[in-house]
1. Only one of these conditions is not met by Tyr381: (1) in contact with a Gly (Cβ under 9 Å, 6 or more places away or on another chain); (2) open to solvent by 50 Å² or more (accessible area, probe 1.4 Å); (3) of a type in the set (Phe, Trp, Tyr). Which number is it?
2. In the range 317-375, how many residues are in a loop (DSSP other than H, G, I, E, B), under 30 Å from Leu32 (Cα atoms), in contact with a Phe, Trp or Tyr (Cβ under 9 Å, 6 or more places away or on another chain) and at pLDDT below 95?
3. Among the numbered criteria (1) farther than 28 Å from Tyr306 by Cβ; (2) of a type outside the set (A, V, I, L, M, F, W, C); (3) without any contact (Cβ under 8 Å) to a residue 40 or more places away in the chain; (4) assigned to a strand (DSSP E or B), which single criterion is violated by Thr378?
4. Does Arg145 fit the bill of being closer than 20 Å to Val61 by Cα, in contact (Cβ under 8 Å) with a residue 60 or more places away in the chain and of a type in the set (Lys, Arg)?
5. In the range 272-316, which residue that is out of contact with any Phe, Trp or Tyr (no Cβ under 8 Å at 6 or more places or on another chain) and among the β-branched types (Val, Ile, Thr) is surrounded by the most Cβ atoms within 10 Å (Cβ to Cβ)?
6. Across the range 49-76, what is the total count of residues that are assigned to a helix (DSSP H, G or I) and surrounded by 16 or more Cβ atoms within 10 Å (Cβ to Cβ)?
7. Examine the range 22-42 for a residue that is assigned to a loop (DSSP other than H, G, I, E, B), more than 26 Å from His338 (Cβ to Cβ) and open to solvent by less than 40 Å² (accessible area, probe 1.4 Å), and state whether such a residue exists.
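The values are calculated or read from the model by the stated rules, or taken from the named source; none is laboratory data. Only a predicted model underlies this, so the values are computations on that prediction, with no experimental measurement involved. Ideal geometry is used to build each Cβ from the backbone, glycine not excepted, and the neighbour counts take in all protein chains shown. Side chains included, ligands, DNA and RNA excluded: accessible areas come from the protein's heavy atoms. Shrake-Rupley method; radii C 1.70, N 1.55, O 1.52, S 1.80 Å.
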Amino acid sequence: MSGDHALEWLRREGRIVIVGASLAGLRAAETLRKEGFAGSLTLIGDEPHEPYDRPPLSKQVLLGHASADHTELPRRRGLDAQWRLGVAATGLDMAARRVRLADGDEVEYDRLLITTGVRARPWPHPAEAELDGVFVLRTRDDAARLHRRLAASPRRVLVIGAGFTGSEIASACRERGLPVTVAERGAAPLVGALGGVIGQVAAELQRAHGVDLRCGIMVTGLEGDSAGRLRRAHLSDGTTLDTDVAVVSLGATRNTEWLAGSGVGAGPRGIACDAGCRAFDIRGIVTDDIFVAGDVARSPHAIFGYQFLSLEHWGNAVAQAETAAHNMISSSSERRPHLWVPAFWSSQFGVNIKSVGVPSLGEEVIVAQGSLADHRFTGVYGYQGRVIAAVSFDQTKWLEFYQRQIETAAPFPPEYSSVDRRPEGLRPVPADFPDPSLPTHGPSVTVSGYSPTDQRITFTPARA
């Protein structure tokens, strides 16, 4: 069958399977139907729920303004699809083009799209993670459970980790009037995403809203009572904290384990793919029938020096899914690259935080508009002499302008005078991101023993 006839057959009666029935999977399925795919369509998801929206889970749901059961994503069109919900994919046979499922079934495909996303990184001590009162927040069920516990007015909530999710949880708790302690191993909240300069503003916001913020510190243990209820946390400075709720917000783990041994180039950092969303195999050769999109994908981006980026952004999941779906049923000459400029937003402590570009690549930052002291500003990041990202605190109106600056590789620092630039914004300063080559935990590792089978490794977190 010639290439044109094969593509025509695929579009008419082929079998497309999407593993991952969340935002990216749904939008990809809709795009396939919109662009004329008439074959069989199967969506596989490990959760029992149809696709739902995750951003409200750490905001409106925790505040009680919305029910976790009412966060379904709106449908743009009918799908005429088979839904395999509540059953996880457990393996992939690339040669036979089959996906193995946890219930023993197998699903055959002609094109496969992987959108398995990420899951919350759990508390590292399994017995402590099982204590009543220890939570993570990623799924709809997680949000429902945490909301019920917050509604019961706990004595104190401990949030472990001050990234965006942890900070939003702390914000919701304070808005509910709950005492909150945030333990962050870095120098400030959001420091990994926005750097130390902006992180200090986030720290001021948290403390101004009554958060007991403790930076440069780790939680070394969670202690329960005889009934298995959380009652105390041990911290790396030797102190303890009485608490009956701990929310573990230590980032996310990409869902790639089910691809082990399959031949797909997948690992803890995601699934590598080209700019057209085609997955690489373990030899680095691009596949013709396996595509990837959303949080689990790692793809090169022309604007950012062709670095392979993994973006856990709502907008990226939608844009990349639409590109992947289009390319799955298009000829090579009609395929298009995924060139979405990253964008992110968060709402916490009464402030809307939005960003474009990739701030974490920034070497320097300049306050282009507004004032850090006022907590209302636009910060612009520079990398190798060009504008690479911008972040705004309650100043969204400038971001569209800076997105164009990023897309055109405008010089950094900006060579023009701007509206509302204060004295503090006259010169760039180091963005102050943590050095990724240094262990943030400050650990010491001891290897002992006399033979490989007798070695022991002791992980000792440094005290703050």
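1. (2)
2. Number of matching residues: 2.
3. That leaves (1) as the condition not met.
4. No, not satisfied.
5. Per the criteria, the residue is Val292.
6. Summing the residues that are assigned to a helix (DSSP H, G or I) and surrounded by 16 or more Cβ atoms within 10 Å (Cβ to Cβ) in the range 49-76 gives 8.
7. No; the residues of the range 22-42 include none that is assigned to a loop (DSSP other than H, G, I, E, B), more than 26 Å from His338 (Cβ to Cβ) and open to solvent by less than 40 Å² (accessible area, probe 1.4 Å).
Conditions tested, residue by residue: (1) of a type in the set (A, V, I, L, M); (2) touching a residue at least 60 places away in the same chain (Cβ under 8 Å).
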{"residue": "Val157", "(1), (2)": "yes, yes"}
{"residue": "Thr165", "(1), (2)": "no, yes"}
{"residue": "Gly177", "(1), (2)": "no, no"}
{"residue": "Ala183", "(1), (2)": "yes, no"}
{"residue": "Ile198", "(1), (2)": "yes, yes"}
